[in-house]
Amino acid sequence: MRTPARNFLRCQVAWLADGLVRELPRDTSALVIHSINPHGFAWLRRVTEDNVDLNRNFVDHAQPYPENPAYSELATAICPPSWTDAARREARARLDAYVAKHDAKALQSAFSRGQYHHPDGLFFGGNAPTWSNRTLTRIFKTMLGRAKHIGVIDFHTGLGPYG
């Protein structure tokens, strides 16, 4: 079975194995990190072991977090406190009503733009830098601290169809 993690690894290994890394200019180095979210890779999820969406965790945690009032309005419909048939029907009705009032893009935005107030919810950005965030920051400071220019390729599936 092809998984996103396996495909990413193949791309990185192929780039190294095919010798393309040797085509970099002489004054250029490459730092290849396969996975900075081992929990997410192990469980084929985008979140860390703390249910933190790592893509939403790289914010200035000393500043107020971005607000997402639409998610807060829909939080109990997005993640119902119980998963009974009645609770699911009520959640579906609330989500359908939101789409009828706003539109489907607004609903997608409510979900996917991230939120910082519902730790058990979707796309939770966390309330502090996660282990993965701190580890990547430490790697960058250690390995790239003297670099004049840095280019980053963040290769992940993101939203949309697979691949």
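For segment 43-163, carbon and sulfur atoms together expose 57% of the accessible surface, with a 1.4 angstrom probe and every protein chain in place.
Assuming a ≥ b ≥ c are the square roots of the Cα gyration tensor eigenvalues, decide whether segment 49-102 counts as rounded (a/c under 1.5), prolate (otherwise, with a/b larger than b/c) or oblate. It comes out oblate by the Cα gyration axes. For segment 93-159, the equivalent ellipsoid derived from the Cα gyration tensor has semi-axes of 36, 16, 8 Å, listed largest first. Most tightly packed first, judged by the mean number of other beta-carbon atoms within 10 Å of their residues, the peptides 73-82, 10-19 read 73-82, 10-19.
Taking 14 Å as the straight-line reach from the Cα of Lys148, the aspartates and glutamates in range (excluding those fewer than 8 positions away in the same chain) are Asp27.
Most tightly packed first, judged by the mean number of other beta-carbon atoms within 10 Å of their residues, the peptides 27-34, 90-97 read 90-97, 27-34. Considering helices alone, the calculated mean residue ellipticity of the chain at 222 nm is -13000 deg cm²/dmol, with DSSP H runs of length four and up weighted by -39500 (n - 2.57) and normalised per residue.
The residue list Gln108, Ala70, Gly151 was ranked by how far each Cα lies along the charge dipole of segment 1-151 toward its positive end, using unit charges on Cβ atoms, and Gly151 comes out on top. Normalised by the number of residues in the chain, the mean separation of alpha-carbon contacts (under 8 Å, six or more apart) gives a relative contact order of 26 percent.
Peptide packing: for 36-42, 103-109, the average count of neighbouring Cβ atoms within 10 Å per residue gives the ranking 36-42, 103-109, highest mean first. The alpha carbon centroids of segment 32-77 and segment 88-111 are separated by 21 Å. In whole percents, the pair-distance distribution calculated for segment 45-137 from its alpha-carbon pairs, binned every 5 Å from zero, is 2, 14, 22, 21, 17, 12, 7, 4, 1. Taking every Cα-Cα distance in the chain and sorting them into 10 Å bins starting at zero, the pair-distance distribution P(r) comes out as 9, 28, 32, 20, 8, 3, 0 percent. Per residue, the chain exposes an accessible area of 71 Å² to a 1.4 Å probe, with every protein chain left in place.
The values are calculated or read from the model by the stated rules, or taken from the named source; none is laboratory data. Please read these numbers as outputs of a predicted model, since none were measured by experiment. Virtual Cβ from ideal backbone geometry, glycine too; neighbours counted across all protein chains shown. Ligands, DNA and RNA are stripped out before the accessible areas are found, and what is left, the full protein with its side chains, is counted by its heavy atoms. Shrake-Rupley method; radii C 1.70, N 1.55, O 1.52, S 1.80 Å.
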